[in-house]
1. Considering only 208, 119, 163, whose Cα is most displaced toward the positive end of the charge dipole of the stretch 108-218, charges sitting on Cβ of Lys, Arg (+1) and Asp, Glu (-1)?
2. Counting heavy atoms of the protein chains only and a 1.4 Å probe, report the per residue accessible area for the chain as a whole number of Å².
3. Give me the distance between the Cα centres of the stretch 130-151 and the stretch 48-85, rounded to whole Å.
4. Just how large is the dipole of the chain about the Cα centre, in debye to the nearest 20, putting +1 at every Lys and Arg Cβ and -1 at every Asp and Glu Cβ?
5. How much FRET efficiency would the formula 1/(1 + (r/R0)^6) give for residue 91 and residue 214, where r is the Cβ-Cβ distance and R0 is 25 Å, rounded to 0.05?
6. So if each residue of separation counts as 0.36 nm, and I subtract the Cα-Cα distance between residue 185 and residue 153, what length gain in nm does that give?
7. For an R0 of 25 angstrom, estimate the FRET efficiency from the Cβ-Cβ distance between residue 78 and residue 32 and round to the nearest 0.05.
8. For the stretch 28-137, with all protein chains present and a 1.4 Å probe, just round the carbon and sulfur fraction of the accessible area to a whole percent.
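The values are calculated or read from the model by the stated rules, or taken from the named source; none is laboratory data. This structure is a prediction, so every number in the text was calculated from the model and none was measured. No Cβ is skipped: glycine too gets one built from the backbone with ideal geometry, and neighbour counts run over all protein chains shown. Protein only, heavy atoms only, side chains kept; ligands, DNA and RNA dropped before computing areas. Shrake-Rupley method; radii C 1.70, N 1.55, O 1.52, S 1.80 Å.
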Amino acid sequence: MSNNRSESAKGFENFYLNHSLLRGIFDAGFMSPRPIQVETIPAALEGRDILGLAQTGTGKTAAFALPVLERLMASRRRGGPRVLIVAPTRELVSQINEEIKALAKFTRVKTVTVFGGVSAQPQIASLRKHPEIVVACPGRLLDLHQQGELPLNQVETLSLDEADHMFDMGFLPDIRRIIAALPATRQNLMFSATMPDEIRHLAKGILNDPHIVDLNLS
């Protein structure tokens with residue numbers, strides 16, 4: 001075993017994650033935790049809302065995925081999705097889903113991707129198997145919710161990734177409709193590369209006493 005891989009396992013062990021998650025981290029070849037992970041994971045594990053400002057490629061997916069997976073493993077139950085992750089493009093949705101699947105490789109947590117441009121039927125079939133995590137683009141998410149195929153009443157954690165890009169692409173009204181359909185009591189994890197006024201207003205409206213990390217200042 002190389003020294004780098006030894007340091008990797010030791011670094012992530014400092015978060016006191018479930019052994020199955022540590023196996024997934026190790027198997028995925030993750031190196032030492034990235035700054036966004038070090039600064040946000042402990043607070044997210046405590047159940048706090050998070051506002052993370054950092055550029056793409058800084059390790060944000062694991063920053064919200066690991067606390068989400070830890071929570072799901074600590075309290076198993078069936079029913080509607082417990083975690084909703086929203087991202088602006090199908091490419092990002094697929095990327096997030098693949099990383100979560102890698103981290104959850106040694107767990108029983110199930111994920112489903114939901115996005116437009118393809119048939120909805122396979123997505124509906126997967127949703128009917130009661131996945132714990134749904135990773136979605138806003139438009140198809142709302143379509144399936146309105147059809148009764150994607151219940152949101154049991155969502156415990158909402159994660160918005162690349163919130164500024166969702167605004168740039170005109171998704172902010174859809175995001176507000178999604179938020180209105182969620183339980184009022186939930187954890188919110190919001191990540192953005194920049195903080196235009198519209199995103200600042202959105203953050204103020206949905207985040208409760210958030211733990212704020214701004215890596216753009218460092």
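1. Farthest towards the positive end: 119.
2. 47 Å²
3. With the stretch 130-151 and the stretch 48-85 each reduced to a Cα centre, they are spaced 17 Å.
4. 940 debye
5. After rounding to 0.05, the efficiency reads 0.45.
6. 10.5 nm
7. 0.10
8. The value for the stretch 28-137 is 51 percent carbon and sulfur by accessible area.
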